[in-house]
Amino acid sequence: MRAKIVAGNWKMNNDKDESKELIKDLKKAIKKEGLKNTRVIVAPTFVNLSSSIKAARKSKIEVVAQNMHQSKNGAFTGEISADMLKSIGIKTVILGHSERRTYFNETDVSLAAKVDAIIANDLETIFCFGELLEDRKSENHFAVVESQIANALFHLEADAWKSIVLAYEPVWAIGTGETASAEQAQEMHAFIRSTIEKKYSKKVSDKISILYGGSVKPANAKEIFSKPDVDGGLIGGAALNVADFTGIIKAI
Ligand code: PEP
């Protein structure tokens, strides 16, 4: 069975105390609701990773990073390496978020190198991709998504896919309040799974958790998560509020 995952991407929000407070509240809510069968993930900003890991102790909350540089070390001012993340206990890293692609010029090629660093370091990645509004309007969304996955991930050996979680995030739905319909999400997730099956095998594609991201809220989560190829969500805005985030986890 595929892992069900709800991951909160906090982006550049929450200082040290706010991060600890949110994790404390989330711990309480998870305990109260007994949310056993889902991986619950939060991604605070780099400087708050250590304190967040400490705050999440004795709970099922996994603290992950929002990005990572592909090099081992060196003259890369402002960047963070796999070794640095591992040294504080990080096991998972989000890569390829549309904001990284848009504002920091990340490309399929640079992301392929980051994914290689993930695999070489025995880390896991939540790998994000998704089409722009213009791609959907011109009905190029399947081709765009296929090329994003192929360019960044199809050089991997089948075995490496155990370290990959996919997050389909149509850019037009991120932070806009406009979400893909459950049918649109299912259609794309099924396409992604079949693309992986064609390249690798059913055994590989069946095991890949594919998360949906883009304005997921407690009110729409249940319908989206009810679809057979949607294995959870990557949540932005609603992950900053404990009631909303817990509502989304419960929806799974
Ligand atoms: C995101 O940034 O990954 C995201 C899905 O944001 P939001 O939920 O706010 O649309």
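Any number yet on Rg/Rh for segment 1-152, C-alpha, Kirkwood? So for segment 1-152, dividing Rg by the Kirkwood Rh gives 0.99.
Let me know the volume per residue of the alpha-carbon convex hull for segment 34-113, in Å³. Please list the in-between numbers first.
Values: hull volume 9.1 nm³, N = 80.
Residue-normalised Cα hull volume stands at 114 Å³.
Counting protein heavy atoms only, the chain has 52 percent of its accessible area on carbon and sulfur, 1.4 angstrom probe.
What net charge do the residues around Lys20 carry, taking every other residue with its C-beta under 11 Å from that of Lys20, with Lys and Arg at +1 and Asp and Glu at -1?
On the way: positive: Lys16, Lys24, Lys27, Lys54; negative: Asp15, Asp17, Glu18, Glu21, Asp25.
Overall, the nearby charge balance is -1.
With a cut-off of 14 Å between beta carbons, the residues surrounding Asn220 carry a summed charge of 0, where Lys and Arg count +1 and Asp and Glu -1.
Using mean Cβ contacts within 10 Å as the protection proxy, how do 218-229, 10-21, 86-97 order, highest first?
Working: 218-229: 17.5, 10-21: 15.4, 86-97: 19.4.
The densest-packed peptide leads the list: 86-97, 218-229, 10-21.
Translational diffusion of segment 3-78, estimated by Stokes-Einstein from the Kirkwood radius over alpha carbon pairs at 37 °C in a medium of 0.692 mPa s, is 245 µm² per second.
In percent, how large is the relative contact order of the chain, given Cα pairs closer than 8 Å and 6 or more residues apart? The partial results should precede the final answer.
Working: 459 pairs, mean separation 53.9, N = 252.
Computed value for the chain: 21 percent relative contact order.
The solvent-accessible area of Glu79, taken with every protein chain present and a 1.4 Å probe, is close to 70 Å². Using just the C-alpha positions of segment 194-252 as equal point scatterers, what log10 of I(q)/I(0) does the Debye formula give at each q in 0.15 1/Å? Result of the Debye calculation: -0.48. Among Asn73, Leu123, Ser51, whose Cα sits farthest toward the positive end of the charge dipole of segment 1-143 (+1 at Cβ of Lys/Arg, -1 at Cβ of Asp/Glu, about the Cα centre)? Checking the options against the dipole of segment 1-143, the answer is Ser51.
Solvent-accessible area per residue for segment 139-244 at a 1.4 Å probe radius, Å²?
Values: 4420 Å² over 106 residues.
On a per-residue basis, 42 Å².
What is the local net charge at Ala182, summed over the other residues whose Cβ is closer than 12 Å to its Cβ (Lys, Arg +1; Asp, Glu -1)? Here the charged neighbours net out to -2.
The values are calculated or read from the model by the stated rules, or taken from the named source; none is laboratory data. Please read all numbers here as calculations on a predicted model, not as lab measurements. Methodologically, a virtual Cβ is constructed for each residue, glycine included, from the backbone with ideal geometry; neighbour enumeration extends over all protein chains shown. Just so you know, the surface numbers come from the protein's heavy atoms only, side chains and all, with ligands and any DNA or RNA stripped out. Shrake-Rupley method; radii C 1.70, N 1.55, O 1.52, S 1.80 Å.
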